[in-house]
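What follows draws every value from the coordinates through simple rules; no lab data is involved. Computed from a prediction, not measured in an experiment: that's the story for all the values here. Note that we place each Cβ from the backbone using ideal geometry, even for glycine, and neighbour counts take in every protein chain shown.
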Amino acid sequence: MTKKILVVEDDATTGDYIAKGLVENGYSVDRASDGRDGLFHALDGAYAAVILDRMLPGLDGLAVLGAIRAADVDTPVIILSALGSTDERVKGLKAGSDDYLVKPFAFSELLARVEALQRRGAANAEAVVTTLACGELSMDLLSHRVERAGARIDLQPREFRLLEFLLRNQGHVVTRTMLLEEVWDYHFDPGTNVIDVHISRLRKKIDEAGQAPLLHTVRGVGYMLSEAA
Amino acid sequence: LSRIDWPRLKRSTTARFVLLYLALSLAGALPLLFVTYQQADRISHDHFVAQIANRKANLLLTYRTGGIPAVEQGIRDRISSGAAAQAALLLIDPAGRRMAGNVSAWPPTVRGATDWTEMRLYRDGHRDAELFALSATEFRSGHRLLIGTVIEDRTRMREGLLLALLGALVLAIPIGLAGSYVLVGFMNRRIRAVGDVAARIAAGDLSRRVETGGTRDPFDRLGDSLNAMLARIETLVEELRLITDALAHDLRSPLTRIRASLEKAMEQLSEEPQRQAIDAVSHEVEGMLRMLAGTLEISRAEAGMGRENFAWFDLGALTKDLCEMYQPLAEEKGVHVAAESPDGLSLFGNRELVGQAVSNLIDNALKYAAGGGSIRIGADESDGSVRLRVADRGVGIPAGRREEALRKYRRLDQARGTEGSGLGLALARAVARLHGGDLVLEDNEPGLSVVIVFPRAPSAETPADA
């Protein structure tokens with residue numbers, strides 16, 4: 001069954017851009033162009049995710065979000081906003097959204113986030129996971145032990161969290177911004193290639209010479225941990 | 001008293017005002033005292049002159065009726081009756097011999113007839129010389145008459161008067177000082193009220209206004225003009241901010257579309273040279289988007305937005321976190337980064353914005369001080385303020401160019417070759433000011449030390465419900 005996504009966006013161009021991209025990636029899309037209509041659809045609860053514009057005619061995006069959460073509907077919500085400052089993001093996240101993306105954004109960033117939310121939802125439904133693995137790489141979340149092909153790998157605490165996040169999202173692209181938010185808990189742009197250097201350090205530890213690379217760079221978007229090249 | 005800062009006191013307007021007021025009040029009092037002295041002196045003078053004139057008139061009347069012998073007798077009578085106790089009398093014949101009187105000899109300095117002269121004379125029966133006002137008369141026969149009255153009293157009166165006036169002057173100094181202190185204190189209070197508002201405005205709170213009482217006095221009118229000026233500035237700044245924000249905002253959409261198109265193009269290209277070219281363009285577009293985001297962030301902070309998310313957070317932990325975040329990048333550049341902050345140093349503010357400011361400062365230090373050995377990040381608390389420092393060992397910024405370095409988009413010559421938007425320091429300063437603090441550039445000898453000074457306690461302006 002294809003997953004349904006609700007896009008609440010009053011700007012037709014942006015709405016088309018998002019809907020077209022989602023359909024190309026195998027989702028089906030419902031659209032609403034104002035707050036009331038969006039809330040009416042969202043309360044149905046059958047969506048895999050809601051993409052909600054922050055500023056809407058009729059009912060403001062944060063008000064819609066508040067009403068959705070008040071009605072005990074826990075569909076993942078990604079807020080889209082032209083208000084890009086860090087404290088606006090924090091406000092959006094505090095209001096109960098699962099993610100916050102600043103307009104204008106690259107579609108690949110939105111897609112990576114929608115998919116990450118799907119996986120998070122699925123993971124929550126499963127039993128508690130104590131080990132994560134990708135190919136010959138394994139991570140024990142209880143003993144904090146990481147091995148590749150039986151050889152132990154020593155990781156710094158932050159490297160451990162970075163690898164854990166990549167493992168939980170293996171096979172999918174994660175963007176630099178997602179890493180910064182999830183692993184470091186910052187919502188600002190640290191500039192230059194701070195994250196890239198952390199990744200290349202981690203890569204040196206887990207992908208030794210002669211072994212098939214697991215940590216891949218997806219040019220222009222971010223990174224992906226997977227067995228296949 | 002040794003703790004008073006004299007050079008500073010000398011420069012202080014308050015001190016100058018007090019002294020000027022004192023000088024003016026003394027200058028006003030002096031002519032008054034002078035005139036008082038003159039008048040009092042003249043009254044006593046007239047009194048003595050009248051006495052002598054009276055005595056002289058009586059003796060001359062005696063001369064007209066009885067000639068020299070009558071005058072001689074008159075003098076003897078006056079002396080023996082005691083009527084001349086306060087007088088000096090002397091009659092001499094043309095040869096200069098004393099005929100009658102209580103003064104032994106004619107004073108040699110008095111020659112012809114004089115009207116009024118002051119002189120010390122010895123009288124019979126008096127051990128000390130006394131001061132007299134004298135009048136001399138010469139008769140046609142060659143006899144001469146000296147009539148005088150003691151004016152020791154007048155001298156004493158003069159001295160007393162001078163003493164009293166000096167006393168008044170001495171008394172006027174503390175009274176003048178106290179008066180001017182009160183007056184200056186009153187003016188200072190009113191001026192300080194205006195100054196406080198100006199300071200709040202300098203800190204970015206353009207909505208502040210001076211309180212005016214509607215009395216139309218000069219202070220009120222100063223306040224009114226200031227308020228009118230502020231309203232105008234606020235409108236202009238708001239307009240400017242709207243324009244730059246709108247511009248930055250509108251530029252982001254086409255740039256993002258360019259980035260999306262580049263992404264698509266990248267997917268379809270397989271040859272490496274083309275992919276590299278596209279990559280380079282993407283990189284530039286990223287840089288432009290970052291610059292626009294920085295601009296918007298600065299104007300928000302300058303407009304005072306972000307205060308509603310103020311909360312207590314651990315500043316020490318934040319510096320250590322960011323130090324760890326930049327460690328790998330720094331090591332790659334051969335720079336050592338270390339954070340030294342006490343545990344549990346908390347700050348009331350916006351964690352995200354402060355984090356961004358610090359990360360910009362570290363980023364700058366890495367760019368401009370690459371190969372400079374080490375970067376030290378530290379926070380400490382003293383005297384009610386929290387100082388957050390990012391210090392490098394690079395080339396630094398000469399003292400004369402530091403203000404320039406803080407301006408938006410401004411990049412000093414030495415930085416032109418490197419990548420960057422020129423917004424890092426400007427954003428850090430805007431964040432510092434949003435928190436009621438400021439950013440200072442200091443010499444790290446060698447290198448640059450950027451210090452953000454935060455007030456420790458939340459200021460009264462911070463909304464309590466934040």
| Using the beta-carbon distance between A:Phe165 and B:Ala199 and R0 = 51 Å, what value does 1/(1 + (r/R0)^6) give for FRET efficiency, to the nearest 0.05? | 0.65
| query | Expressed in nm to one decimal, what extension gain is obtained for the pair B:Glu286 and B:Thr13 from 0.36 nm per residue of sequence separation less their Cα-Cα distance? | reply | 92.9 nm
| message | For q values of 0.07, 0.10 Å⁻¹, compute log₁₀ I(q)/I(0) with the Debye formula on a Cα-only model of chain B, without solvent. | response | -0.62, -0.94
| note | Stretched fully, the stretch from B:Thr215 through B:Val170 gains (0.36 nm per residue minus C-alpha distance, one decimal, in nm) 12.4 nm
| message | Starting from the 7 Å offset along Cα-to-Cβ, what nm value, one decimal, do you get for the label separation of A:Val128 and B:Ala105? | response | 13.4 nm
| task | Using a 10 angstrom cutoff on alpha carbons, build the Gaussian network for chain A and name the most mobile of A:Gly26, A:Gly210, A:Gly121. | result | A:Gly210
| field | Value of Rg to Rh for the protein assembly as shown (Rh from inverse mean 1/r over Cα pairs, i.e. Kirkwood) | value | 1.43
| remark: Total charge of the residues flanking A:Leu162 in space, meaning their Cβ is under 15 Å from its Cβ, with Lys and Arg +1 and Asp and Glu -1, is -2
| Loop GluC sites (Glu not before Pro), the range B:149-223, which have at most 14 other Cβ atoms in a 10 Å radius of their Cβ (DSSP) | B:Glu211
| query | For a paramagnetic label modelled at 7 Å from the Cα of B:Leu32 toward its Cβ, which residues of the range B:177-198 fall within the zone defined by backbone nitrogen distances under 20 Å? | reply | B:177-184
| Using r as the Cβ-Cβ distance of B:Glu271 and B:Phe186, and R0 as 51 Å, what FRET efficiency do you calculate, to the nearest 0.05? | 0.05
| query | Where does each of B:346-353, B:240-247 land if you order them by average Cβ count within 10 Å, highest first? | reply | B:346-353, B:240-247
| Length-normalised contact order for chain A - Cα pairs under 8 Å, 6+ apart - percent | 13 percent
| How are the C-alpha pair distances of the range B:270-309 spread across 5 Å bins, as whole percents from the shortest bin up? | 6, 22, 14, 14, 12, 9, 9, 7, 5, 4, 0
| message | Limiting things to C-alpha atoms, what are the Rg and the maximum Cα-Cα separation (Dmax) for chain A, in angstroms? | response | 18.8, 60
| Once all Cα-Cα distances of the range B:31-186 are split into 10 Å bins that start at 0, what whole-number percent is in each one? | 10, 33, 25, 13, 9, 6, 4, 1
| message | Over chain B, what is the relative contact order in percent, taking alpha-carbon pairs closer than 8 angstrom and at least six residues apart? | response | 10 percent
| remark: Filtering chain B for DSSP H helices with an axial alpha carbon extent of at least 18 Å and a Kyte-Doolittle mean of at least 0.5 returns B:152-202
| said: Using C-alpha positions alone, give me the convex hull volume of the range B:282-400 per residue in cubic angstrom. | reply: 147 Å³
| task | Compute the signed sum of charges (Lys and Arg +1, Asp and Glu -1) over the other residues within less than 15 Å, Cβ to Cβ, of B:Arg64. | result | +1
